[in-house]
Ligand SMILES: Cc1ncc(COP(=O)(O)O)c(C=O)c1O
């Protein structure tokens, strides 16, 4: 039995756990290893049939017509912004409460990221804020499904249709999520995913772009392979590989694709387990007035990439940093997602962005703590997180 009212480890008490529990962790099983070994024994290590098999299975899972694999989620974003036809002089409206890669991908194409504030209830981009920022230079909106909760896609798609611009969804957190029964990956013009080890499935490093548009898919395939038009070689049957556009080496290997395909077979069970853990957190935290549990949505299937807990700092003597340190001292590997992109030194210097630009995102970011959430967490792990949060908040609260 744990001492819930005990002294926090940061103040000299005994930590809730002896070993650090990370906020996310990959799960690689024997079937994954066998799938990778099979490729290693075969003829193709890259550019072979395992890539196609993974792409087809992925497209099928998210309900998209085409899926194009990339070497990372960041490369996938770069490809998507390129395939949306975005270039110098263009603007893309993006959420500031995201990983840097979302906004960076806009800059890679020479365009300007424009930060639209979030809805403080959902932590996702606010369509009203997007509407106010639309300009003749706006070429796309990039919603980020924060923590795995889908953005209000009906409103964003309507806005985009009216303004005749693209929607590039950053779904790095949202593999398996659904909006009004429709799967994320088949809604926007282009949707990107990441297979970093903390994500729902992993290929070590890797990413995917999905689209309903075969022409954009062809542009993505060229972009990930030096701008080479492969069809030319196939048609002519020669050694020639004609480069028809600027491109990169952003290919995902067969080794990685075999791992991704194998992981995809277990996606659903992982999503179910993630939802169970999130519900246990909600049930434990909703009655603690110092805490704001993670938002959920009646119209959405949440993918629960992580659990964003917000602190009501007005009710605490301790600030977020001290609370963070106190949870770490309990060996709970909390994180903070994110410092809003517009507050990073590079963005401040390059685009002149400042605090005050997106007040809701800034306020949320000051209160956020990411709690561990991954399918292999045991019931004891979940209980340890709850115990540690209760212990630390009782120590930190004003009354
Ligand atoms: C919202 C978001 N977008 C993009 C990325 C980039 O993905 P990757 O790390 O696979 O390049 C991440 C990765 O953490 C992310 O969280």
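Throughout, read-outs are computed from the coordinates displayed, never taken from laboratory work. In this text the structure is predicted, and so the values were computed from the model without any measurement. Here the Cβ positions follow ideal geometry from the backbone for every residue, glycine too, while neighbour counts run over all protein chains shown.
Per-residue ellipticity at 222 nm for the chain, helices alone: DSSP H runs ≥ 4 residues times -39500 (n - 2.57), over residue total, nearest 500 deg cm²/dmol?
Roughly -11500 deg cm²/dmol at 222 nm, from the helical runs in the chain.
What percentages, rounded to whole numbers, describe P(r) for the range 56-119 computed over all alpha carbon pairs with 10 Å bin width beginning at zero?
Calculated P(r), rounded to whole percents: 21, 43, 31, 5.
Along the Cα→Cβ direction, 7 angstrom out, place labels at residue 161 and residue 40. What is the inter-label distance in nm?
Between residue 161 and residue 40, the label points sit 5.0 nm apart.
Where the convex hull is taken over the Cα atoms of the chain, what is its projected area averaged over directions, in nm²?
Mean shadow area of the hull around the Cα atoms is 20.7 nm².
In what sequence, highest mean first, do 316-322, 153-159, 258-264 appear when ranked by Cβ atoms within 10 angstrom? Can you show the working numbers first?
Details: 316-322: 15.1, 153-159: 17.4, 258-264: 23.9.
The most tightly packed comes first, giving 258-264, 153-159, 316-322.
Quick check on the chain: of the DSSP beta bridges with both residues there, what percent are antiparallel, nearest 5%?
65
Report the normalised scattering of the range 134-290 as log10 I(q)/I(0) at q = 0.12, 0.18 Å⁻¹, calculated by the Debye formula with identical scatterers on the alpha carbons.
-0.68, -1.19
When the gyration tensor of the range 273-314 is built from Cα positions, what are the square roots of 5 times its three eigenvalues, in whole Å, from largest to smallest?
19, 11, 9
Report the rotationally averaged projected area of the range 9-151 based on its alpha-carbon convex hull, in square nanometres.
Average projection, Cα convex hull of the range 9-151: 13.8 nm².
With r defined as the distance between the Cβ atoms of residue 121 and residue 20 and R0 fixed at 22 Å, what FRET efficiency is calculated, to the nearest 0.05?
0.10
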